[in-house]
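> Sending over a structure as structure tokens; questions will come in a sec.
Nothing in this text is a laboratory measurement; each read-out follows from the coordinates by a stated rule. Note that the structure is a prediction, hence the values are computed from the model and not measured. Every residue, glycine among them, receives a Cβ derived from its backbone with ideal geometry; neighbour counts consider all protein chains shown.
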Amino acid sequence: MLKRIVPLVLALVLCAGLAQAKTKAPATQLPGDLTLAEAQKVLDAALVKAKAQGVPMNIAIVDAGGNLKAFVRQDGAFIVSTKKAVTARYFNMPTSTLGAASQPGQELFGIEATNGGLVIFGGGELLIRDNVIVGAIGVSGGSVAEDTNVAKAGAAALK
């Protein structure tokens, strides 16, 4: 008898869930995720700073899940990866902070070698909206200080 009831109950639960799912509109934006408009605002602010510094930059914006949302490589910029943005988002801290914690004798020493090539120097900053991390920006192409300046300018545009 139990063998007959269990499949029936599972079928009823599944049907009820499907009926409920059909009545709700699909989410157009995950809560706590970066919108395309926000990514563009961050990118625009970072470009202004990069142009002011006179150094061609690569600017990557990732969403809350670390997925690329926007990217620009200015003419003449070195060809680099987007790992600064991803690293900042994965660890919820600027890459410069992670770099300090990963030096010899520090708690996270060697972390960049164990996690698929993280970046542990400046140029990666978190994007925060209403005290929620919604993504990150990573900038490369200049000195660490120049990259950090551009990343911070982009991040400030979201606040």
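> Let's see if you can work this out: charge +1 on each Lys and Arg Cβ, -1 on each Asp and Glu Cβ, no other charges. What is the dipole magnitude of the range 26-159 about its Cα centre, in debye to the nearest 20?
Taking the Cα centre of the range 26-159 as origin, the dipole is about 180 debye.
> Let me check the size of the range 46-156 from its C-alpha atoms; what are the radius of gyration and Dmax in Å?
Considering the range 46-156 through its Cα atoms, Rg and Dmax are 13.2, 40 Å.
> Further question on the same structure: Place a point 7 Å from the Cα of VAL144 along the Cα-to-Cβ direction; which residues of the range 63-84 have their backbone N under 15 Å from it?
Label zone hits: 84.
> Moving on. Could you rank the peptides 136-142, 116-122 by their average count of other C-beta atoms within 10 Å per residue, with the highest value first?
Numbers: 136-142: 28.4, 116-122: 18.1.
Result, highest mean Cβ count within 10 Å first: 136-142, 116-122.
> If Lys and Arg each add +1 and Asp and Glu each add -1, what is the summed charge of the other residues whose beta carbon sits under 12 Å from the beta carbon of VAL42? Display every interim value, and only then the final one.
Numbers: positive: LYS41, LYS49, LYS69, ARG129, LYS152, LYS159; negative: GLU38, ASP44, ASP63, GLU125.
Summing Lys and Arg as +1 and Asp and Glu as -1 gives +2.
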